[in-house]
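First the structure, in the form of structure tokens, and then the observations on it.
The values are calculated or read from the model by the stated rules, or taken from the named source; none is laboratory data. Keep in mind that what you see is a predicted model, and the values were worked out from it rather than measured. As a convention, Cβ positions derive from the backbone with ideal geometry for all residues, glycine included, and neighbour counts pool all protein chains shown.
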Amino acid sequence: MTRSRTERKSAGTGGGATAPPPGREARRRAAVVLEVLAGLRTPTEAAQALEVGAQRYYLLEARALAGLLAACEPRGRGPVRSAEKALAESRKECQKLRQQVSRYQALARASQRTVGISAPVRPKSRVQGQGKGRGKRRPVVRALRAIEGLKRDLEGPQAPAASAEAAEGGPAEAESAR
């Protein structure tokens, strides 16, 4: 059985995702609120019919009117953009931009080589994830002495005079030298 286009349009809620059908209690509450708004019942009678207090009834009526107003707002035309789709589009665009950056960097390097310009020197970057955290750890005096000992071993016999001065001064003078 096929329906005409106008029948299909009028059968739905006007496009978009449809909400699940309201339950029996929700229908009963809506009917009582509409009866009060139409003047068939008083708010006190409606509260007694729903077995709630008058204050609770007025809250229920306010929520019903808010829902009615929200449902009467004009809807935008066309499909609704979901968050998942927007995220997928953003990721796709990000990947595309990264590829463009890589391409432009390669073109810049090629043009620098062609012209004969040396590539700019990059400053040493920190390890990924450290950010502005702790800086370089200052060496301890023992480490300085160990480094001097290793340098002496590498340089040979010409450094004994410098090591003799460090041995006479001790760790206090080595720290004051910094």
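Between a first residue in the range 62-91 that is surrounded by 10 or more Cβ atoms within 10 Å (Cβ to Cβ) and a second residue that is at pLDDT 90 or above and assigned to a helix (DSSP H, G or I), which pairs have beta carbons less than 8 Å apart while being 6 or more apart in sequence or on different chains?
Cβ pairs passing all conditions: 64/29; 64/30; 64/33.
Report yes if some residue within the range 116-123 is assigned to a helix (DSSP H, G or I) and either modelled with pLDDT of 70 or more or more than 36 Å from the chain's Cα centre (by Cα) (or both); otherwise report no.
No, because not a single residue in the range 116-123 is assigned to a helix (DSSP H, G or I) and either modelled with pLDDT of 70 or more or more than 36 Å from the chain's Cα centre (by Cα) (or both).
Results for (1) within 20 Å of residue 19 (Cβ to Cβ); (2) among the polar types (S, T, N, Q); (3) in a loop (DSSP other than H, G, I, E, B), shown as yes or no for each residue.
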| site | (1), (2), (3) |
| --- | --- |
| 52 | no, no, yes |
| 70 | yes, no, no |
| 74 | yes, no, yes |
| 93 | no, no, no |
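Is it fair to say residue 101 is touching a residue at least 60 places away in the same chain (Cβ under 8 Å) and not small (Gly, Ala, Ser)?
Answer is no for this residue.
Collect the residues in the range 53-104 that are aromatic (Phe, Trp, Tyr) and within 30 Å of residue 33 (Cα to Cα), keeping them in residue-number order.
Result: 57, 58.
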